[in-house]
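Read the figures in this text as sums done on the coordinates, not as results from a lab. This structure is a prediction, so every number in the text was calculated from the model and none was measured. Ideal geometry is used to build each Cβ from the backbone, glycine not excepted, and the neighbour counts take in all protein chains shown.
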């Protein structure tokens, strides 16, 4: 692709797709929008815990990128090389390697799960970063319960029914809440499994859950989880994970068949090859989100270290900030193309929210604290508003409303080809 006026976005997350939708019909004549992502959809990561607990179906936490573009072009591929001096990049696609010349390049590829923070996590734990991870965890839960019904050894049954979640931030709290609600909801279909044989333990190395929220809401979330049966252990650092469970820093051992890790992220390896300044794995950008010292290069979202001009602090790597950064960057790119001045990113956070199980949530919005069903409804409403296209919003509204009043789905989906299914229950 030798067109010299490509505006290229690398990454299809919240930031990348918000930017693409803002630029799609706004570019001046002679410029073309191109979005490159290794997946053909954007994943609404905050909804993944609900997919784990089967509160929503996996297709409801993703949105096709192609549906978001009218004039722009989408390429499913992985960018392997960026040459800022030549303003070109190389992309590996289903049809082989292609070269793209760009006028402006935006890095919006987020980050990836890091599995080396705790010894044994990569071999014996499950990370939650993708829809595939969510479905694997869900299937694992269903397989464990099905096996418990067939086992006779009480100790083995309790080991199979114990699920440990490492991390007391948003993802960890949401997964623990969804898991306990899911287990309670589906146990009716497994009459040979006792309630005392299913257990969820949440480990957090800090003094309280949800340090991103106020102490009051963190305490409310902890009370809600404990009331519903989750064993919450704060100031408990996981030292190592093995096939039997999790060993804590104090030397004690928690035995469990399934460990889910929600901590740790690592930058995309492409960052180091760009030649841009990097701080803790994130590209350092100017106030207007342009990359320092690299003309024509911008960065936004989780992969960028953004200083919020509103308070002088680092912008939080959350969906709320990613969306606002992308909206600001869209204006700055259009300004740069027309020779106008750009503006610094400045945003006052509206608050924070977390879903902590089915019909349960906590929220701090404009200084007002909410918990329980009102917070959960507000949380759902926000992510519904971020879905692209009116048709998708209406369909999800109907499906999510319908799902509030019916039991959790217990379908174990096996993603295997027909010739692979013989002799396996995976």
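The label point for residue 70 and the one for residue 269, both projected 7 Å from the Cα toward the Cβ, are 4.0 nm apart.
If you bin all the Cα-Cα distances of the range 199-352 at 5 Å, starting from zero, the percentages per bin are 2, 8, 14, 14, 13, 12, 11, 10, 8, 5, 2, 1, 0. Sorting 148-159, 189-200 by average packing, meaning the other beta carbons within 10 Å per residue, from highest down gives 189-200, 148-159. Give the distance, in whole Å, between the Cα centre of the range 91-131 and the Cα centre of the range 368-386. Cα centroid to Cα centroid, the span is 30 Å. Rounded to the nearest 10 degrees, the inclination of helix 14-23 to the longest alpha-carbon principal axis of the chain is 30 degrees. For the pair residue 101 and residue 338 in one chain, pulling the backbone fully straight at 0.36 nm per residue adds 83.3 nm over the alpha carbon distance.
Order these by the 10 Å Cβ neighbour count, fewest first: 239, 170.
Details: 239 16, 170 24.
Least crowded to most crowded, the residues run 239, 170.
Would you please give the FRET efficiency between residue 223 and residue 346, computed as 1/(1 + (r/R0)^6) with r the Cβ-Cβ distance and R0 = 51 Å, to the nearest 0.05? Result of the calculation: an efficiency of 0.90.
Angle of helix 373-385 to the longest C-alpha principal axis of the chain, folded into 0 to 90 degrees and rounded to 10: 40°. Between residue 385 and residue 122, the modelled labels are 4.2 nm apart [label points 7 Å from Cα along Cα→Cβ]. Per-residue ellipticity at 222 nm, computed for the chain from helices alone with -39500 (n - 2.57) per DSSP H run of at least four residues, works out to -9000 deg cm²/dmol. For the peptides 256-266, 176-186, 392-402, the ranking by packing is 176-186, 256-266, 392-402, with the highest mean count of neighbouring Cβ atoms within 10 Å listed first. A simple spin-label model places pseudo-atoms 7 Å from Cα toward Cβ; at residue 215 and residue 235 they are separated by 1.4 nm. Quick one: helix 390-403 against the long Cα principal axis of the chain, what's the angle to the nearest 10°, folded into 0 to 90? Approximately 10 degrees, to the nearest 10.
The gain in end-to-end length when the residue 90 to residue 255 segment is fully stretched comes to 54.7 nm, 0.36 nm per residue minus the alpha carbon separation.
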